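Asks: Can you read through this structure? Questions will come right after.
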Amino acid sequence: MKLGLQLGYWGAQPPAGTGELVDAAEAAGFDAIFAAESWGSDAFGPLAWWGSRTSRVSLGTSVAQLSARTPTNCAMHALTLDHLSGGRAILGLGVSGPQVVEGWYGQPFAKPLARTREYIDIVRQVLAREAPVTSDGPHYPLPAGGTGLGKALKPITHPLRSDLPIWLGAEGPKNVALAAEIADGWLAIYYSPRLAPMYNEWLDEGFARSGARRTRENFEVAATCQIVLTDDRAAAISQLKSMIALYVGGMGAKEVNFHAQVYERMGYHAEVARIGELFQSGRKQEAAAAVPDEMVAETMIIGDAEHVRREVKRWEDAGVTMLLVTADSASRVEELGALLK
């Protein structure tokens, strides 16, 4: 099992001690470091800044939001980071949700699958640098209309790798199948090993499509997973409920919340409805209390060392190739590295 350190995105201020976490991950044998973005800090800046302290680990976005950048601009970010890191960049992409896309970026959210396909095609054209980049649209036409003076261009800078890996953050069946078809990996959130047969059906649909880039054998499944080493499992589960309540109840509109849909597919329909109702009415503590223990335990690994090792093996057997974990101290990074590598 590969290990990635998930730095996430910033809150009100840049987090303290991130450099020490990155140093510890490099020393402990982690395979990658990832940074995220929402509507505050971006995903590429932290990787360039803190990644400069490293020489071995891959540097990935998990995820860079499609609507934050045009596809050519995103490719510029990726090829720049790849050069600066000596070929260690992973471009993780995701569509986000309508609240962020329309409310923050001022872009329409319609047709996310078609937009993703077109976006990645353009990024790959830039990285290949075989011809001027063009697209018939309709989402990202190049050259665009307007003055009529637009010109198809190649990137001035020659990309270091034409096959820079692109991983797709996906939660629903169609998007997961698309990841298997056109990407090099799937960034999964709130993964449940119990549902591996269902996930495998979605992935196999993508692998079977004409022109699919990868096969099961060379495709990465990277799952974000909270790993908590503790002898007090009940207390740790209780502490994590507020985070699930936030994502299920608050990280999306009442009408469309992809995170909530993930838990609904696990069978928690009534629980998701109740958590959403409480959270959206401002009763956040009650929403956290409404999260059952099994919703936490199903998508996170919590317990003593023996339990953690056993669960990591179960996730690996289910098809996960990399776990993206968080840590609040360098010592915890070292502890996880020693336990799992």
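Asks: Modelled label-to-label distance, MET198 and ALA114, 7 Å Cα→beta-carbon offset: nm?
Replies: Distance between label points: 2.8 nm.
Asks: Sticking with this structure for a sec: 5 Å is the cut-off here: which amide hydrogens, built 1.01 Å from N in the peptide plane, fall below it relative to ALA188, excluding neighbours closer than 5 in sequence?
Replies: ALA222, ALA223, THR224
Asks: Please list, short to long, the whole-number percent of alpha-carbon pairs of the stretch 93-192 in consecutive 5 angstrom bins beginning at zero.
Replies: P(r) over the stretch 93-192, rounded to whole percents: 2, 11, 18, 19, 20, 16, 9, 3, 1, 0, 0.
Asks: For the stretch 189-271, report the translational diffusion coefficient in µm²/s to the nearest whole number, using Stokes-Einstein at 4 °C, 1.567 mPa s, and a Kirkwood Rh over Cα pairs. If you can, show how the numbers build up before the last one.
Replies: Details: Rh = 15.3 Å.
Calculated translational D: 84 µm²/s.
Asks: Rounded, prolate or oblate: which fits the stretch 1-96, taking a ≥ b ≥ c as square roots of the Cα gyration tensor eigenvalues, rounded meaning a/c under 1.5, else prolate when a/b beats b/c? Let's see the in-between values first.
Replies: Values: a/c = 1.77, a/b = 1.28, b/c = 1.38.
It is oblate, given that a/c is not under 1.5 and a/b is not larger than b/c.
Asks: For the stretch 267-341, what % of the accessible area comes from carbon and sulfur atoms, probe 1.4 Å? Could the numbers behind the result be given before it?
Replies: Details: 1720 of 3620 Å².
The C+S portion of the solvent-accessible surface of the stretch 267-341 is 48 percent.
Asks: What are the residues whose amide H is under 5 Å from the amide H of LEU93, where those residues sit 5 or more places off or on another chain and H is modelled from the backbone?
Replies: Correct list: ALA64, TRP167, LEU168, GLY169.
Asks: With runs of 4+ DSSP H residues as the only contributors, calculate the mean residue ellipticity of the chain at 222 nm using -39,500 (n - 2.57) per run, divided by the residue total and rounded to the nearest 500. List each step's numbers first, then the result.
Replies: Working: 14 runs with 151 residues, N = 341.
Calculated mean residue ellipticity at 222 nm is -13500 deg cm²/dmol.
Asks: Please give the charge dipole size of the chain, origin at the Cα centre, charges +1 on K and R Cβ atoms and -1 on D and E Cβ atoms. Round to the nearest 20 debye.
Replies: Numbers: 32 positive and 39 negative charges, 175 e Å.
Result for the chain is approximately 840 debye, rounded to the nearest 20.
Asks: Any idea what % of Cα-Cα pairs in the stretch 215-341 are farther than 21 Å?
Replies: Values: 3688 of 8001 pairs.
Counting pairs separated by more than 21 Å, the tail of P(r) holds 46 percent.
Asks: Next question. Compute the accessible area per residue over the chain, keeping the other protein chains in place, probe 1.4 Å, unit Å². Show your work: numbers first, answer last.
Replies: Values: 15510 Å² over 341 residues.
Solvent-accessible surface per residue comes out at 45 Å².
Asks: Relative contact order of the chain, please, whole-number percent, based on alpha carbon pairs below 8 angstrom and at least 6 residues apart.
Replies: 19
Asks: What net charge do the residues around ALA43 carry, taking every other residue with its C-beta under 13 Å from that of ALA43, with Lys and Arg at +1 and Asp and Glu at -1? Walk me through the numbers before you get to the answer.
Replies: Values: positive: ARG69; negative: GLU37, ASP42.
Result for the neighbourhood of ALA43: -1.
Asks: Got a sec? Charge dipole of the stretch 1-105, +1 on Cβ for Lys and Arg, -1 for Asp and Glu; which of LEU5, TRP50, LEU84 is way out at the positive end?
Replies: The residue sitting farthest along the positive end of the dipole is LEU84.
Asks: Size of the dipole of the stretch 203-341 about the Cα centre, Lys and Arg at +1 and Asp and Glu at -1 on the beta carbon, nothing else charged, in debye to 20? Spell out each step's value before the answer.
Replies: Working: 17 positive and 22 negative charges, 79 e Å.
My answer is approximately 380 debye.
Asks: Find which of SER210, LEU187, ALA152 sits farthest along the positive direction of the dipole of the stretch 134-212, computed with +1 on the beta-carbon of Lys and Arg, -1 on that of Asp and Glu, about the Cα centre.
Replies: The residue sitting most towards the positive pole is ALA152.
Asks: Using DSSP loop states and a limit of at most 12 other Cβ atoms within 10 Å to flag GluC sites (Glu not before Pro), what is the longest stretch of the chain containing no flagged site? It would help to have the intermediate numbers written out before the result.
Replies: Working: sites that count: GLU130, GLU255.
After excluding every exposed loop site, the longest remaining stretch is 1-129.
Asks: Continuing with this model, one more query. Have a look at the DSSP beta bridges in the chain and tell me what percent are antiparallel, nearest 5.
Replies: Details: 1 of 33 bridges.
Rounded to the nearest five, the antiparallel share is 5 percent.
Asks: Here is a follow-up. Would you mind working out the magnitude of the charge dipole of the stretch 138-279 relative to its Cα centre, with +1 at each Lys and Arg C-beta and -1 at each Asp and Glu C-beta, to the nearest 20 Debye?
Replies: Numbers: 14 positive and 15 negative charges, 90 e Å.
Magnitude of the dipole: close to 440 debye.
Asks: If one computes the Cα centroid of the stretch 118-180 and of the stretch 76-106, what distance in Å separates the two points?
Replies: So the two Cα centres are separated by 13 Å.
Asks: Rg (Å, one decimal) plus Dmax (Å, integer) for the alpha carbons of the stretch 104-157?
Replies: For the stretch 104-157, the Cα-based Rg and Dmax read 12.3, 34 Å.
Asks: What shape does the stretch 146-234 have by the C-alpha gyration tensor, where a ≥ b ≥ c are the square roots of the eigenvalues, rounded means a/c under 1.5, and otherwise prolate means a/b greater than b/c and oblate the rest?
Replies: Numbers: a/c = 2.51, a/b = 1.82, b/c = 1.38.
The shape class here is prolate.
Asks: For the chain, what number of Lys pairs, 8 or more residues apart or on separate chains, have alpha-carbon atoms under 30 Å from each other?
Replies: Close lysine pairs found across the chain: 17.
Asks: Also: Given 10 Å bins starting at zero, what is the percent of C-alpha pairs of the stretch 141-186 in each, up to the one with the largest pair distance?
Replies: Final binned percentages: 22, 24, 32, 22, 0.
Asks: Can you compute the radius of gyration and Dmax for the chain, using only the Cα atoms, both in Å?
Replies: 20.0, 67
Asks: Using the Cα centre of the chain as origin and beta-carbon charges of +1 (Lys, Arg) and -1 (Asp, Glu), tell me which of SER331, THR116, VAL312 is placed farthest towards the positive end of the dipole.
Replies: THR116
The values are calculated or read from the model by the stated rules, or taken from the named source; none is laboratory data. Here the structure is a predicted model, which is why all the values come from computation and not from measurement. Cβ coordinates were reconstructed from backbone atoms using ideal geometry, including for glycine residues, and neighbour counts include every protein chain displayed. For the accessible areas, the whole protein counts, side chains as well, though only heavy atoms, and no ligand, DNA or RNA atoms are used. Shrake-Rupley method; radii C 1.70, N 1.55, O 1.52, S 1.80 Å.
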